[in-house]
Each structure stands twice: as C-alpha cells, then as structure tokens.
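The values are calculated or read from the model by the stated rules, or taken from the named source; none is laboratory data. These figures come from a predicted structure and were not determined experimentally. Cβ: placed from backbone, ideal geometry, glycine included. Neighbour counts: every protein chain shown. With ligands, DNA and RNA removed, areas are computed over all heavy atoms of the protein, side chains included. Shrake-Rupley method; radii C 1.70, N 1.55, O 1.52, S 1.80 Å.
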Amino acid sequence: MANYKKVLAGATAALLSAGVFAQESASGDDVIVVTAAKVEQKAEDTVEKVTIVTEEDIEKSGAHTLNDVINSIPGVSYLGRSVGSSEPLQMNGFTDEYVKIMIDGVAVSRSGNANILEQTQLDNIDHIEVLNGSSSALYGSDAIAGVINIITKKNREKRWGFQAKQEFTSSGDISGEAGVSFNSEKGLFAQASLGYYHSDGEYDWDEYVPSSTSAEASGSGTTSEDATSYRYKSYTNPMESDYSGHATVGYKIDDGREVSVTGNLSTTDSESYKSTSAGSYDHRETVQGSVVARTDWALNDTNALSGFFSFGHYGVPTETAPFDGTSEVTESESKYRDYEGEIQYKNDMLENNSFLAGLNIIGSTYDADGEDSHKSLFAALFAQDIITLGKLQLIPGARLNMVFPVDESEAAEDEDMSVNATPKLAARYDASESFVIRASAGMGYRVPTFTQKYSTFYKGHGDPNLKPETSYTANLGFDAKPADDLKISVNGFGTYVDDMIERVMYSTPKGVGNPYGNYNFYRIYENLDKVISSGVNAQIDWQNNDWKVSLAYNFLYFRQWSDDEDDWVKVSGKIPHQVKLSTTYTVPASKTALNLNGYWYAPRPTYDATGAYTEKTADYLVVNFRVDQPIPSTHATIYASVNDLFDSFSFTNSSEDESMKDSYTGVRRSFTIGAKYNY
C-alpha cells in the first residue's frame, strides 16, 4: 500500500514540475495594489516585487481556509495550530511576529497576529498582496520579514450584491459564509458578512499507563510514583468553533473623497488535549475584534490626505483541567488592546515624482490574571519619494521610530525613551519589455512585544530584560517573460539581525532546574547575538486559454552566531526547502475547472547549542484535487474536493521513524462538497 503512494506522489510531482497555485497569475498584473509603496499601482508597475493572490486563484486552489492560501505563497509556510507547530507561520525563516499582517492596510492585533489567518472568510477576499522582505521604513518594526495585506471586496459596481457558501467535509467539519452589499446612487455604501466553522475533534486515548512506565514510553512527561499517566494514540483535530463577522458603512462624496467605518469580530471556542502527567485539556474562547474609521480626502488634482484610526482587542480566556478530574479547573485570561492612528499626505505635483509622508502612532495594553498590567506607546514619522528616471525607478524612504517609557509596572521601571531611524532604498530597472531587475536594501528596528517580555504560557515564559533588535536586509531579483504565456521570477534575499528575539527550547532533567514542574522541556524568549537568514525564491508560471501550470521553489539558509563555538551554527525548526505547485484546466464547453495543487516542506531539523544535529521531523506533503462546476444560467457553483490526496504520505520519516501522519496532527485525507452563490 505504501509503495503505490510513493509512486503516485512521485508521479504527481513530476507531472507538475513544469509549473504555486497562488503566485502572480496573468490576471494578477491588472490588480491595483497598495502594499509596496502605500500608493495605488498596478502589480506589474511596482518597484518592489509583490506577489498577488487573486480571487480566481483562491477559488481554483481548493483552499478551505486562508491558511491554505498562505501555504501557496513562495517563501511562506503556515502549518497552523491544528498540526501542533510552535511556529505556525514562517516567512523566509522568520515567525509571524516578524510579518505585518493587515486587512485593507490596517494591522491586525500585534499580539494575535497569525490567528486571524484561520478566521478570515475567503469569499470576502478580493485579493491578497504579499511583499517579501523588510518593509520597516513604511510599516514599522513588525515588518522585518515582510507584509501580508488582505484586501476585502468592495462591490462598488452593483446596487445590490449577495454571496453565500456552504460546505461539508467527511472529517465532520462544517463551514459556511453569507454576505450582502448595497450602493446607493447618492454615495452611501454598506456591506456585511458572516462566517462560521465547526470541528468536533477526534481523539483516541489509550488506557491508563502504569506509573512505573517511563515518561518517554508513555508520552506523559513524568515518572512520579503518585501520579497516573495518560497518553493518546492519535490526535487529528481539536474541537473548535469559529465565528466571524465583517461590516462596513461609508459615504463616497466624489472620486477622491470618502469616509467609512469598518468592524471585524471573530471568536474561537476550542478544546485541545495535552499529554501531561494528568492528561490535561485546555478550553479556550478567543475573541478578536477591531473597529476602523478611515478617510481618503483629495485636496486637489495633485495633493491628497488619507488616514485611519483603529481599535483592536484580543482576549484569551482559558480553562485547564486534569483529564482524571482529581483537581479543580484552573481559569486564566489574557487581554491585549491596540490603538493605532495614521495620517499621510501624498503629493504628485512634479511629473516624475510621487512624494508620501505620514505619522503613525500605536498604543497597546496587556493584562493577565495574577500579573502586572503593561502599556506601550510608539510613534513614527515616515516619508518616501517615487522617482522615475526613464527605465529606472527609485524609492528612497525612511522611518523615524520613537518608543516612549509609559509602562508603570515594576518590571519596566528602568526603561528609557528610545529614538532610531530605519532607512530604505528600492530600485527597479526595465532592461526591456520582457526583463525587469529589482533590488532593495534597508534597516529594521523592533522592540519586544508584551508576549515576549511578560507572558507566561504552556511550558514557557517571556523575559522583561529583552533588548530591541536591529536588522539589515537586502533583496535582488528579476522578472522575465520569454514568451507571452510564460513568466519566470527569481528573487534572492538576505537579512542580518543583531539581538534577535527568539523563543528557545531547553531540555532539563525532570524536576531539576525546571521552573515548570514535571515538563521535560520549556521555552523562553531570549536575545540571540547575531542571526543570518538568506535564500532564494524562484517561480515559473505558464498559462494559455484553458491551462495554467505553476511551480515555485524556496531555499533557506538560517544561522545564528555562537560565542561558545566561535562560529555560525544551525537553528532548529526552520524549513530549508519548499516546493509548491499547481495545474488548473478549464473545460471550454462546460466551464468545469479541474485543479490539482500541492506543497512540500522538507523535514524541520533540531540542533543543540553547538549546532550539532539531534533530530528531525518527517517531511510535510499535502496534495489536493478539486472540481468546480458552474450551473448554467445561474450565479451558483457546486464543487467537490479530495484533501490531502496521499493521506499524510512521507518521503522521509522523522529521526524517531515517525511518518508525517505520526509527526503532525490535523492533516488527514478527507472529502469536501459544497455550493456557493455570487451575485
């Protein structure tokens, strides 16, 4: 049985090696983007490389959640909470704390960053813009690895619009979305949407494990003589219910002036089990919401003002209880609140220049049970100029960052105000109509977050003495179009970080020097002296009228400096190789869309403090097949898909001889059917 999977998996990879289902498609060039320079540009005209995921890309990919879509982007991986990864989102080796995630140009909670990827409604997305590489000059300290900007649908062309979707998965997952939009002739516009997702969770527990059994064999993490140990045989999905809502109301005065207010709210009710000494489980009810008021106000043909104010809340009430019921339930809650305001001025007075300047202010608070409350206040002035000199375009820019000592807690009593600048220069040279060279270089500055400094979490904690990071980033690449239906893109990147903040895992003898009792490991945030991340993203796209074939490859080199070894040593948990591929065929007569897509992540190795290899995970392969069939003379489509076609097949097992199915939870073969309606 395993042999047929290996043959099929290899054949699929070979078949599709001529071509990532969500990189720049032919239709992506026509998309208007704002992420690269905070001004509206066509994707094909941007100075820096912006990867576009269009609505069509999302529909044909077979994606069920936004994290499925994110996994299609070169250099980005998202393993998600359901597979038990401590670093669910990575971009060029950096975690989500280094990636600016935004909705319509406004950052989501600095503390709840990647969770929004599992709660955003796909049918409400117009397109996604991904800027790979440091963008701190425009977007601040949490954009060292890059920016992901999710652009929602506006539907300004129809007076009324409706959309609905419902799907069922054989694993028991159920999800649905519905939305409505309205545009009056007098300038009033409004839209609202709701979505939900539910999974019952599937667990298979063993009988009691005798207390004399070793912790390694039981998976319990303890050998206490007076404790009863549990373990589970399989853990495919946590129990989870997600609900999300989005609403906007605004008024368009004319083509250059409008005001609007947007609200977003998402909740997650989840229950997950941990293989600890008492077989405990966690019950969490996460709430994440925001309100954004924005305005675009043209002063005249060459001058314009725009701005926004947002309030965000991220709360995590948690209940933890032993599975054997011998102890009371422990309750705790963490609350994060963000307040952000920005105003920017744009001037196009000169023919070959487009000048932009702005002020950004962010205030945040953190409260947790049994801990001090904490506050932070950041302010920044930023400016850039897009200069066009024939075939050459330049964007010099800089950001002046100010951190104010507003935290009155005892742990922060010695903090001082800090001021620093992060410049950047980007360039584009159009050597010909079919060959474009892009390059950029810049600095970044990042202060530790509340989570990194003060939070206490499962098997780990923060460090209030963390120092800010300083980073230096460079990118160099090209886009080539050797034929009308063929595109090739290659981008090399490199980032050097001084005092990088990283969550480091330590292993200690049980009960000896470990502040977390019987756990056999714990994590703590620390400053790493020096870190280097470098690599290459390459992708090929081919498309004619009916076929689209795509391939992307990412290579990552990630090292940290060790004073003890006096050398650069390897870092645990990074994915050294990624391959992402897709092929889509649309039957001309029936408009049936057939899509086969997949992504492969090489095993993630673990190293000790000297950089010596200790173990590795299995590799990670997911291949999906989907069929979409529009119903003639309607606005409806029915679809069906096979998810994880090879049922967690592994080319390479882990160092403990575990396959992907053993190493990762939440990924299993399943079947989905659904229907959607768009008007």
Residue selected from segment 468-517 under the condition of a type in the set (S, T, N, Q) and exposed (fewer than 15 other Cβ atoms within 10 Å of the Cβ), by the criterion modelled with the highest pLDDT: SER507
Conditions (1) under 20 Å from LYS38 (Cβ atoms); (2) open to solvent by 20 Å² or more (accessible area, probe 1.4 Å); number of the one not met by ALA426: (2)
Evaluation of ARG626 against (1) open to solvent by 20 Å² or more (accessible area, probe 1.4 Å); (2) of a type outside the set (Phe, Trp, Tyr); (3) in a strand (DSSP E or B) (one fails), failing number: (1)
Residue under evaluation THR637, criteria (1) part of a strand (DSSP E or B); (2) under 30 Å from ASP567 (Cβ atoms); (3) open to solvent by less than 40 Å² (accessible area, probe 1.4 Å), criterion not met: (2)
Top-ranked residue of segment 522-535 - restricted to ones that are under 26 Å from GLY444 (Cβ atoms) and more than 24 Å from the chain's Cα centre (by Cα), ranked as surrounded by the fewest Cβ atoms within 10 Å (Cβ to Cβ): ASP529
Given (1) small (Gly, Ala, Ser); (2) at pLDDT 90 or above; (3) more than 15 Å from SER141 (Cβ to Cβ), number of the condition GLY363 does not satisfy: (3)
Residue in segment 610-618 that is open to solvent by less than 20 Å² (accessible area, probe 1.4 Å), of a type outside the set (Ser, Thr, Tyr) and more than 19 Å from ILE70 (Cα to Cα) present: yes
Leading residue by the ranking (farthest from ASN491 (Cα to Cα)) among those in segment 376-432 that are acidic (Asp, Glu) and in a strand (DSSP E or B): ASP385
Segment 640-679, subset β-branched (Val, Ile, Thr) and in a loop (DSSP other than H, G, I, E, B), residue farthest from THR617 (Cα to Cα): VAL667
Any hit, segment 305-323, residues being open to solvent by 60 Å² or more (accessible area, probe 1.4 Å), modelled with pLDDT under 80 and not in a strand (DSSP E or B): yes
Pick from segment 565-578, criterion among the aliphatic types (A, V, I, L, M) and crowded, with 19+ Cβ neighbours inside 10 Å, ranking: modelled with the highest pLDDT: ILE575
Any chance THR614 is touching a strand residue (DSSP E or B) at 6+ places or on another chain (Cβ under 6 Å), farther than 30 Å from ILE501 by Cβ and in a strand (DSSP E or B): no
Residue count, segment 581-607 (criterion: more than 17 Å from GLY93 (Cβ to Cβ) and open to solvent by less than 40 Å² (accessible area, probe 1.4 Å)): 11
Condition broken by ILE631, with the remaining ones in (1) at positive phi; (2) at pLDDT 90 or above satisfied: (1)
Residue in segment 556-570 that is under 24 Å from ALA474 (Cβ atoms) and outside any strand (DSSP E or B) present: no
Scope segment 536-559; condition buried (at least 21 other Cβ atoms within 10 Å of the Cβ) and not aliphatic (A, V, I, L, M); matching residues: ASN537, GLN539, ASP541, LYS548, SER550, ASN554, PHE558
Helices (runs of 4 or more DSSP H) (entirely within segment 1-87) containing at least 2 residues that are modelled with pLDDT under 50: 2-16
